[in-house]
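The values are calculated or read from the model by the stated rules, or taken from the named source; none is laboratory data. Everything quoted here is computed from the prediction, not taken from an experiment. So basically every Cβ, Gly included, is an ideal-geometry build from the backbone, and we count neighbours across all protein chains shown.
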Amino acid sequence: MIFQRALRRELISTAGAVFTTLFTITITIMLIRILGQAAGGKVASQDVFALIGFSSLNYLPIILSLTSFVSVLLVVSRSYQDSEMVVWFASGLSLSKWIKPVLSFGLPIVVLTATLSFMVTPWANRQSAEFKERFQKREDVAKVSPGRFQESSSSDRVFFVEGVSGDATRVRNVFVNTVRNGQNSVVVANEGSIEIDKQGDKFLVLHDGRRYDGAPNQPQFRLMEFERYSVLVSQQSQALNGDLSARALPTRTLLANMNSFNRGELLWRMSLPIMGLLLMLLAIPLSFVNPRGGRSANLMTALVLFVVYSNMISVFQAAVARNRMSLLLASWPIHLLVILAIAALFLWRSKMNSRYHPLVVFASIRRIYFRGRKVVP
């Protein structure tokens, strides 16, 4: 009991450090990517932190699975490194006795991973898509940042404003360049405002400006001065649809509409908690290290196995989504392979002191060979 409490405390402290490191790296990468999107006018600058939060929720199941895997690996490897496992085996205890304390530490993480995978992650994907769609459906002027040129959603108009008011409905020193049917129209005005007519269409109403009409590379052009000029910005707004892909659908919707893409997404959501559980069990026998050596080789092996495992799940998911494999057939082969690997490694480690272990047999043959040649190995 004392051992289990001490092990649980060590696992929790190690998991906290590993999770902090992985989460910080993930947040940094997402921050750079989303800030680039905001600078390019693809998302609103005020939505950056919300989008980072939604993206972090999307990656949390993977981070938690990797955190539990690496934590168990580091703790058990430290026990080998400090020769604590020698005392453990000398006391007549087997390596399988580590399963219970590791599961008591890891099962809450598996439950949290399943909750995130089945409920939270689809919600986060829907919210992120709605934020981006809401920004895309805003009027073109509202998306303009002062001091930079911005292309309209229809790609036939370029806006430039020197300043925008706090409510984003009034702009100052406006430049609008419109290209349509081979004709170029340039409008400049001192100020403008957003107005909505009875049909719900949005207009940019400019005051005290000029309009220049002409064709490119032609000397003829027409100049008009106006006190009030209206430019159609967008037609009546439509309701937000959000992300309708399988990644953003609730689990109950996936079960109600079992098309190929929904089956593939359901396979991914089911596989994440199973992967987290099996990786923790795999880490116990995989943690063996020579006390005289280092632990870096084990850690690199574990990371490679994690990448291979998750990528194989993605391969099966793609096969289901393309109707090349049924959901039932794709849901068990990779996990069964990992279970067999766990059983084989446990058997391998538990029989290391046996006279019939392959390493012991190989060492005996080697001694006999060198003794026959009268050479000290």
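Go through (1) farther than 20 Å from A343 by Cα; (2) modelled with pLDDT of 90 or more one by one and return the number of the condition S104 breaks.
(1)
When you look at N125, is it at pLDDT 70 or above and part of a strand (DSSP E or B), yes or no? Full working, then the answer.
Working: at pLDDT 70 or above: yes; part of a strand (DSSP E or B): no.
No.
Taking helices (runs of 4 or more DSSP H) that fall entirely within region 1-94, which contain at least 3 residues that are under 17 Å from I109 (Cα atoms) and in the same structural domain as L272 (by TED's automatic domain parsing)? Talk me through it step by step, then tell me what you get.
Values: elements: 2-39, 48-81, 84-90.
Correct list: 2-39, 48-81.
Write out, first by first residue and then by second, each pair whose Cβ atoms fall under 6 Å of each other, whose residues are 6+ apart or on separate chains, and whose first residue, in region 1-28, is surrounded by fewer than 16 Cβ atoms within 10 Å (Cβ to Cβ) while the second is at pLDDT below 95.
Q4/P101; R8/F105
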